[in-house]
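Below: one structure, written as structure tokens.
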Amino acid sequence: MKKILITGGAGFIGSHVVRRFVQQYPDYQIYNLDKLNYAGNLQNLSDIEQNPNYHFIMGDICNMALVQNLFNKHALDSVIHLAAESHVDRSISHPIDFVQTNVLGTVNLLNVAKEAWGKMPSDNRFYHVSTDEVYGPLGVNGLFTETTAYDPKSPYSASKASSDHFVRAFHNTYNLPIVISNCSNNYGPNHFPEKLIPLAINNIKNKQPIPIYGKGENIRDWLYVIDHARAIDTIFHQGINGETYNIGGFNEWKNIDLIHLLCRIMDEAMKRPSGSSAELITFVNDRSGHDYRYAIDATKLVNELGWQPSIKIEEGLKKTVTWYLENEQWLRHVTSGEYQAYYQTHYNKNI
Ligand code: NAD
Ligand code: DAU
């Protein structure tokens, strides 16, 4: 029996984590705190929102009184913290938003947890969900391990690195029981179509250009989101207090090669002539300070906690494409309004 605060549970990864915990652990009470920014969407959780062990609270992690009230009212014993501003391109245009939520919001949660748990001798856990981007860009060789020095290069990764440092500082200074994971690029259902894969799916569907930054040579390590949610479950239950675990797919792709694979899958799924999606590929101005390569060494998680990625990229992309084609209403809902303004501002200078 646990009472877990999951932050950012209405977002992409958070919704898969909430669903997993609500369904796998009916004796746990799950409290989802989310302010529902542009990426937060309660439709992501419509299948489980009636479950008796699921509770939604709309609110900001920066609101100290609200978070204190949640801890006091529900006697929360654990936190799984995912709430964040998550898109690198938005961090370049609006860096302060990232400091506000990712740094100050995280410190607020840590501080309230410290105050609440200082008086409770039970089995607490503050799980901070972070990213491989804190390690900065790799060259052609090498992998990120848990001891790789931090070297963040974008406002987003700098804000996540800062939050990781605060989490470790609260462990070192106040003995707060923490665990951190740093994961590579996720893909799958419910991914907001500002990120490469869902943006490309949406644009191919609508026969719009697929914007590829620079020459498409940058490399990312992709993991299906359900495998990330499984890893979070494993680390939450078995991870050692104070430790960090890297999570990755052992699955590096150049952006251009990944998009060609996606185009082939889209041609088949939409029954369009072979090669027609790839004709939409359009090279555009590069992202400012674009990190060249990320690649995770997840050996510690595999060897110590027995986790493995289970979904291979082609299978994962097919599942993802099927989900987007079957959920037109979701896609239409999230690409109306603010999305159009974002798209115009960010891409129309390019395309
Ligand atoms: P997302 O943008 O899809 O979702 C973020 C969620 O947080 C949204 O529901 C949003 O409403 C909520 N939120 C934002 N600010 C908030 C605030 N101040 N108070 C309360 N809620 C707030 O992001 P995501 O891709 O699901 O990422 C989730 C976490 O995982 C982030 O911490 C991110 O850094 C990390 N991560 C993401 C990836 C990836 O590939 N997407 C990889 C590794 C780590
Ligand atoms: O590595 C983990 C990180 O992965 C997470 O911490 C971030 O929250 C998540 O957004 C993601 O960051 P990236 O910047 O790697 O993801 P994005 O989908 O924005 O971009 C993937 C690659 O594709 C990157 O090299 C930039 C490129 N790209 C992206 C967009 C949006 C394009 O070429 N064109 C685009 O339009």
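At 10 °C and 1.306 mPa s, grab the translational diffusion coefficient of segment 50-131 from Stokes-Einstein with a Kirkwood Rh over Cα pairs, rounded to a whole number in µm² per second. Approximately 113 µm²/s, per Stokes-Einstein. Comparing LEU176, ILE210, PHE192 along the charge dipole axis of segment 137-242, the residue lying farthest to the positive side is ILE210, per the Cβ-charge model.
Between VAL140, LEU109, CYS263, the Cα set farthest toward the positive side of the dipole of the chain (charges on each charged residue's Cβ, about the Cα centre) is that of CYS263.
Rounded to the nearest Hz, the phi-derived 3J(HN,Hα) couplings of segment 213-229 under the Karplus curve 6.51 cos²θ - 1.76 cosθ + 1.60 (θ = phi - 60°) are 5, x, 9, x, 8, 5, 10, 10, 10, 9, 9, 5, 4, 5, 5, 5, 4, where x marks glycine and proline.
Given the convex hull over the Cα atoms of segment 183-320, what projected area results after averaging over all orientations, in nm²?
Mean orientational projected area (segment 183-320, Cα hull): 8.8 nm².
Based on the Cα atoms of segment 91-161, what semi-axes does the equivalent ellipsoid have, where each is the square root of 5 times one gyration tensor eigenvalue, given in whole Å with the largest first? Three semi-axes, in Å: 29, 18, 6. Accessible area per residue for the chain, computed on protein heavy atoms with a 1.4 Å probe, is 41 Å². Coordinate range of the alpha-carbon atoms in segment 304-351 per principal axis, descending: 46, 26, 20 Å.
Proximity of backbone amide H atoms, modeled 1.01 Å from N, is registered between PHE283 and ILE212 at under 5 Å, excluding neighbours fewer than 5 places apart on the same chain. P(r) for segment 1-91, from all Cα pairs and a bin width of 10 Å, is 18, 53, 26, 4, 0 %, short bins first. Percent of Cα-Cα pairs more than 25 Å apart in the chain, please. So the pairs more than 25 Å apart make up 52 percent of the total in the chain.
For the residue pairs LYS215/LYS318; LYS114/LYS254; LYS2/LYS300; LYS254/LYS319; LYS3/LYS318, alpha carbon separations beyond 32 Å are given by LYS114/LYS254; LYS3/LYS318.
Here the chain is treated with +1 on each Lys and Arg Cβ and -1 on each Asp and Glu Cβ, and its dipole about the Cα centre works out to around 340 debye. For the chain, the relative contact order works out to 17 percent when only alpha carbon pairs closer than 8 Å and six or more residues apart are counted. Summarise the accessible area of segment 219-287 (1.4 Å probe, protein heavy atoms) by the percent that is carbon and sulfur. Of all accessible area on segment 219-287, carbon and sulfur atoms account for 50 percent.
The modelled label-to-label distance between ARG168 and PHE250, using points 7 Å beyond Cα along the C-beta direction, is 2.7 nm. Quick one: Cα centre-to-centre distance for segment 230-287 and segment 22-80, in angstrom? Measuring centre to centre over Cα atoms gives 28 Å. Computed from the alpha carbon atoms alone, the convex hull of segment 281-325 holds 148 Å³ per residue. Remark: segment 21-162 carries a charge dipole of roughly 320 debye about the Cα centre, counting +1 on each Lys and Arg Cβ and -1 on each Asp and Glu Cβ. Seen from a random direction on average, the alpha-carbon convex hull of segment 272-351 projects onto 8.9 square nanometres. Just need log10 I(q)/I(0) for segment 160-253 at q = 0.20, 0.22, 0.25 Å⁻¹, Debye formula, equal scatterers on the alpha-carbon atoms, no solvent, rounded to two decimals. Taken in order of the listed q values, log10 I(q)/I(0) reads -1.04, -1.13, -1.26. Between ASN69 and ASN241, what FRET efficiency comes out of the Förster formula 1/(1 + (r/R0)^6) with R0 = 30 Å and r the beta carbon distance, rounded to 0.05? Rounded to the nearest 0.05, the efficiency is 0.65.
Computed on segment 131-174, with alpha-carbon pairs under 8 angstrom and 6+ residues apart, the relative contact order is 39 percent. Can you tell me the 0 to 90 degree angle between the C-alpha axis of helix 255-269 and the longest principal axis of the chain, rounded to 10? Taking the Cα atoms of the chain, the angle to 255-269 is about 80 degrees.
Pairwise alpha-carbon distances in segment 131-193 exceed 21 Å for 33% of all pairs.
Using bins of 5 Å that start at zero, the share of Cα-Cα pairs per bin across segment 229-292 amounts to 4, 12, 15, 12, 11, 13, 13, 10, 6, 3, 1, in whole %.
The values are calculated or read from the model by the stated rules, or taken from the named source; none is laboratory data. Quick caveat: nothing in here was measured; it's all calculated off a predicted structure. Cβ sites come from the backbone with ideal geometry, for glycine too, and all protein chains shown count toward neighbours. Each accessible area value is taken on the protein alone, full model and side chains, heavy atoms only, with ligands, DNA and RNA left out. Shrake-Rupley method; radii C 1.70, N 1.55, O 1.52, S 1.80 Å.
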